[in-house]
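Colleague: I am attaching a structure below and will ask some questions about it afterwards.
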Amino acid sequence: MAQVSDYSGLITSEHSGKPKFKAMVEAVAGALSDNINLCRSIVNGFDLDTAVGDQLDAIGEWVGLPRIISVPLAVYFSLDVVGLGLDQGNWKGPYDPSQGLTSLDDATYRTMIRAKIGANNWNGTLASLQSILSQVFASTTARVFAADHQDMSMIIFLAGYQPPAILKSLLKNGYLPLKPEGVKLNYIKTSVDGTSLFGFDLSNQYIAGFDTGAWGVSL
């Protein structure tokens, strides 16, 4: 960090005893050092690891990911959904919207920006796809894997984790374009939090059989 003393300390002995001269040097040096420090702070201000608020919005704009996203409104009556049953959920009228807008907090937005950068540089392989999505779910119990059916369709599986509505919307609405052009992409998640997906002939962290694995459901 630039300081006024970096410059006032260079005053020669002929002028060091003159307070007006020293004050003038400190006034000029103060303005210059403030500008230097401001310019240096811009680097950290727009660093993805340290940026917040408007600076993070600017990074999101650069990589193509908005902070405000569309999410489903979980306020309407629905069977088998806790808190939205009879006398709880609102009836959905013919003109009531099914989607609303929400603003991502800095921590979530930073994670998604990092994933979007990965998506922008994706090489099209399943291994790199799983690596990118693993960043999104790094702080969760999610275990991500993908399958290419070789028929212009692919599936991304989320085992062991029930993603919240915001993450569902980010994935389903294509905010992370992790698929080749023209390929149909589906997301399947476990129907029970903390469990592997149900499947035959396997028993691992991703897929397990009877009494261990849970049915997979569409995201």
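The values are calculated or read from the model by the stated rules, or taken from the named source; none is laboratory data. These numbers come from a predicted model, not from an experiment. Every residue, glycine among them, receives a Cβ derived from its backbone with ideal geometry; neighbour counts consider all protein chains shown. The area values use the complete protein model at the heavy-atom level, side chains included, leaving out ligands, DNA and RNA. Shrake-Rupley method; radii C 1.70, N 1.55, O 1.52, S 1.80 Å.
Colleague: Accessible area of the stretch 36-100 with a 1.4 Å probe: how many percent of it is carbon plus sulfur? Intermediate values should be presented prior to the final figure.
Modeller: Working: 2760 of 4590 Å².
About 60 percent, which is the carbon plus sulfur part of the accessible surface.
Colleague: Could I ask something else about it? Out of I117, S218, I132, whose Cα points farthest toward the positive end of the dipole of the chain (charges: +1 Lys, Arg; -1 Asp, Glu; placed on Cβ)?
Modeller: I117
Colleague: How big is the charge dipole of the chain about its Cα centre, in debye rounded to the nearest 20, if each Lys and Arg gets +1 on its Cβ and each Asp and Glu gets -1 on its Cβ? Intermediate values should be presented prior to the final figure.
Modeller: Details: 15 positive and 20 negative charges, 52 e Å.
I would put it at about 260 debye.
Colleague: Rounded, prolate or oblate: which fits the stretch 1-61, taking a ≥ b ≥ c as square roots of the Cα gyration tensor eigenvalues, rounded meaning a/c under 1.5, else prolate when a/b beats b/c?
Modeller: On the way: a/c = 6.45, a/b = 4.05, b/c = 1.59.
Taking the square roots of the gyration eigenvalues as a ≥ b ≥ c, the stretch 1-61 is prolate.
Colleague: Okay, helix-only estimate at 222 nm for the chain: each DSSP H run of n ≥ 4 adds -39500 (n - 2.57), divide by all residues, round to 500 deg cm²/dmol; what do you get? Let's see the in-between values first.
Modeller: On the way: 6 runs with 76 residues, N = 219.
After summing the helix terms and dividing by the residues of the chain, the value is -11000 deg cm²/dmol.
Colleague: If you don't mind, there's one more thing I want to ask. Under the rule a/c < 1.5 gives rounded, and otherwise a/b versus b/c splits prolate from oblate, where does the chain land using the Cα gyration tensor? Let's see the in-between values first.
Modeller: Working: a/c = 3.32, a/b = 2.34, b/c = 1.42.
It is prolate, given that a/c is not under 1.5 and a/b is the larger ratio.
Colleague: Per residue, how many Å² of accessible area does the stretch 71-155 show with a 1.4 Å probe? Kindly include the intermediate steps, with their values, before the conclusion.
Modeller: Values: 5190 Å² over 85 residues.
Per-residue value: 61 Å².
Colleague: Mind pulling the angle between the C-alpha long axis of helix 19-45 and the longest principal axis of the chain? Nearest 10 degrees, somewhere in 0 to 90.
Modeller: 10
Colleague: What figure, in Å² to the nearest 10, do you get for the accessible area of Y206 with a 1.4 Å probe and non-protein molecules left out?
Modeller: Per-residue accessible area (Y206): approximately 70 Å².
Colleague: Ok, one more. Specify the angular offset, from 0 to 90 degrees and rounded to the nearest 10, of the alpha carbon long axis of helix 126-136 from the longest principal axis of the alpha carbons in the chain.
Modeller: Long axis of 126-136 versus the principal axis of the chain: about 70 degrees.
Colleague: Just want the answer: with Cβ charges of +1 for Lys and Arg and -1 for Asp and Glu, which residue in S13, M1, M24 is farthest toward the dipole's positive end in the stretch 1-85?
Modeller: So the residue we want is S13.
Colleague: Between the stretch 152-219 and the stretch 102-120, how far is it from one alpha carbon centroid to the other, in angstrom?
Modeller: Centre-to-centre distance over Cα atoms comes out at 20 Å.
Colleague: Among A165, G85, G53, which residue has its Cα furthest toward the positive end of the charge dipole of the chain, with +1 on Lys/Arg Cβ and -1 on Asp/Glu Cβ?
Modeller: G53
Colleague: Quick one: grab the alpha carbon gyration tensor of the stretch 95-154, order the square roots of its eigenvalues as a ≥ b ≥ c, and give me rounded if a/c is under 1.5, else prolate or oblate depending on whether a/b is larger than b/c. Can you show the working numbers first?
Modeller: Numbers: a/c = 2.04, a/b = 1.35, b/c = 1.51.
Oblate shape, in that a/c is at least 1.5 and b/c is the bigger or equal ratio.
Colleague: Looking at the chain, what % of its DSSP beta bridges pair antiparallel, to the nearest 5? Intermediate results must be reported in sequence, preceding the final value.
Modeller: Numbers: 14 of 24 bridges.
So the antiparallel bridges amount to about 60 percent of the total.
Colleague: How big is the charge dipole of the stretch 1-127 about its Cα centre, in debye rounded to the nearest 20, if each Lys and Arg gets +1 on its Cβ and each Asp and Glu gets -1 on its Cβ?
Modeller: Numbers: 9 positive and 14 negative charges, 71 e Å.
Value, rounded to 20: 340 debye.
Colleague: Order the peptides 182-193, 4-15, 167-178 from the highest to the lowest mean number of other Cβ atoms within 10 Å of their residues.
Modeller: Values: 182-193: 15.2, 4-15: 11.7, 167-178: 17.5.
Top to bottom by mean Cβ count within 10 Å: 167-178, 182-193, 4-15.
Colleague: Identify the residues of the stretch 184-219 with backbone N under 13 Å of a label point that sits 7 angstrom from the Cα of D151 along the Cα-to-Cβ direction, or state none.
Modeller: Only 184 pass the distance filter.
Colleague: Between V192 and K22, what length comes free when the chain is fully extended (0.36 nm per residue of separation minus the Cα-Cα distance, one decimal in nm)? Provide the component values of the computation, followed by the final result.
Modeller: Details: separation 170, 0.36 × 170 = 61.20 nm, distance 7.23 nm.
Here the segment from V192 to K22 would lengthen by 54.0 nm.
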